[in-house]
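Each remark here refers to the structure printed beneath this line.
The values are calculated or read from the model by the stated rules, or taken from the named source; none is laboratory data. Everything numeric here is computed off the predicted structure, so don't read it as measured data. Every residue, glycine among them, receives a Cβ derived from its backbone with ideal geometry; neighbour counts consider all protein chains shown.
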Amino acid sequence: MKIIGFAALAVLIAGSAVAQQLAPSPTLDAVKARGHIECGVHLGLPGFSFANDKGEWSGLDVDYCKALAAAVLGDSTKVKYTPTSVQQRWPVLTSGQVDLLARNTTITFSRNATLGVNFQGINFYEGQTFVVRTKAKVAAVKDLADGTICVAAGSTEEKAAADWFRERNLKVTIINFQKNDDAISAYDQERCDAYTAGVGALAGQRIKFKDPAQHQILTEVISNDPQGPTTRWGDERWQLVVRWVLNAQIAAEALGVTSKNVDEMKKSTNAEVRRLLGVDGKFGDMMGISNDWAYNLIKQVGNYGESFERTVGMGSVLKLKRGQNELWTKGGLLFTPPFQ
Ligand SMILES: N[C@@H](CCC(=O)N[C@@H](CS)C(=O)NCC(=O)O)C(=O)O
């Protein structure tokens with residue numbers, strides 16, 4: 001009995017030692033070796049991922065890439081941005097050309113099940129709507145029946161618009177464009193009665209119209225489009241890092257940790273704040289990165305709320321309200337699992 005007891009104990013000890021070994025992560029190794037993150041972003045969507053004329057990228061998704069670089073490499077500037085279209089984004093990710101996508105990408109069942117990609121959380125709750133010409137007197141989506149709608153081919157918006165009109169037995173002509181900018185200019189040249197995209201995306205796209213004042217974004221929303229960082233299948237430890245960097249951005253806001261007070265917060269007595277900032281526990285070690293990972297991203301990029309305000313919120317040209325993208329404690333949907 002005693003011998004079996006010892007044997008069982010030995011197995012247990014060996015088992016826990018194995019559990020503490022880091023699973024291999026070819027992506028994380030490659031990122032560390034090359035010294036920067038390869039981030040797949042949007043072709044150019046103000047507020048989300050947009051390069052100015054100096055080639056400097058900014059936006060909510062770009063901030064996520066920067067946060068990941070700060071967490072993994074200690075420096076938020078160590079990112080190379082690869083613009084990807086609606087169609088190219090999948091092969092660019094699965095071929096290994098980028099380490100992840102952070103570009104207005106909706107989580108859907110069939111993408112998850114068939115494209116070899118995984119979604120690591122939600123950094124923007126988007127909802128689809130339509131932009132129409134003010135002179136057209138379209139008040140509701142149903143008023144577009146018998147009309148023509150321009151949309152980017154291969155987007156969730158293309159499918160959701162078709163579903164919406166079909167379910168209501170309403171006829172509509174949907175024209176899809178391989179290049180989204182062509183869809184926008186076709187609408188702008190009055191070849192379509194409406195252009196459809198997410199509310200947040202449209203707030204950014206609107207800037208591209210010849211005369212933005214002539215257009216109106218409908219308030220009716222026809223879909224839920226949760227979007228977030230996307231990885232390819234395999235390399236679970238890289239997926240872990242991508243997922244928890246997003247969680248850290250959101251948890252920092254929930255815990256009141258900002259880029260301004262993060263040094264002060266290291267003295268906090270709150271157990272979760274202490275673990276998040278690497279004062280207690282070794283959460284970085286568990287992922288194979290520095291224990292300062294979350295401290296670095298908060299210090300250099302800020303928490304989720306700071307990013308939101310600066311890129312798409314009231315401090316930006318888009319002026320989006322937090323809405324669903326607010327913490328659950330303030331009536332929104334943002335929530336993270338505990339840092340425990
Ligand atoms: N949520 C959509 C977004 C797709 C998307 O990026 N659509 C448009 C509007 S925001 C776009 O600008 N595409 C850029 C392009 O490929 O030209 C999806 O995941 O399919």
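Just a few scattered comments:
- Selection status of ALA186, more than 9 Å from the ligand (Cβ to nearest atom), more than 23 Å from the chain's Cα centre (by Cα), assigned to a helix (DSSP H, G or I) and not assigned by TED's automatic domain parsing to the domain that holds GLU309: yes
- Members of the range 17-57 found to be within 16 Å of the ligand (Cβ to nearest atom) and in contact with a strand residue (DSSP E or B) (Cβ under 8 Å, 6 or more places away or on another chain), listed by number: CYS39, GLY40, VAL41, HIS42, LEU43, GLY44, PHE48, SER49, PHE50, ALA51, TRP57
- Options GLN87, GLN128, GLN97: the member that is surrounded by fewer than 16 Cβ atoms within 10 Å (Cβ to Cβ) and farther than 26 Å from VAL245 by Cα: GLN87
- The condition (being among the hydroxyl-bearing types (Ser, Thr, Tyr) and more than 17 Å from TYR304 (Cα to Cα)) is satisfied by just one residue among SER259, SER268: SER268.
- Flag if ILE222 is part of a loop (DSSP other than H, G, I, E, B) and of a type in the set (A, V, I, L, M, F, W, C): yes
- Residue match in the range 317-325 (condition: at pLDDT below 95 and surrounded by 19 or more Cβ atoms within 10 Å (Cβ to Cβ)): yes
- All positions within the range 191-219 that are more than 16 Å from the ligand (Cβ to nearest atom) and part of a helix (DSSP H, G or I): PRO212, ALA213, GLN214
- The number of residues in the range 35-62 that are within 22 Å of LEU276 (Cβ to Cβ) and outside any helix (DSSP H, G or I) comes to 1.
- Counting only strands (runs of 3 or more DSSP E) wholly contained in the range 63-156, the ones carrying 2 or more residues that are touching a residue at least 60 places away in the same chain (Cβ under 8 Å) and either within 15 Å of the ligand (Cβ to nearest atom) or of a type outside the set (S, T, N, Q) (or both) occupy 117-119, 124-126, 128-133.
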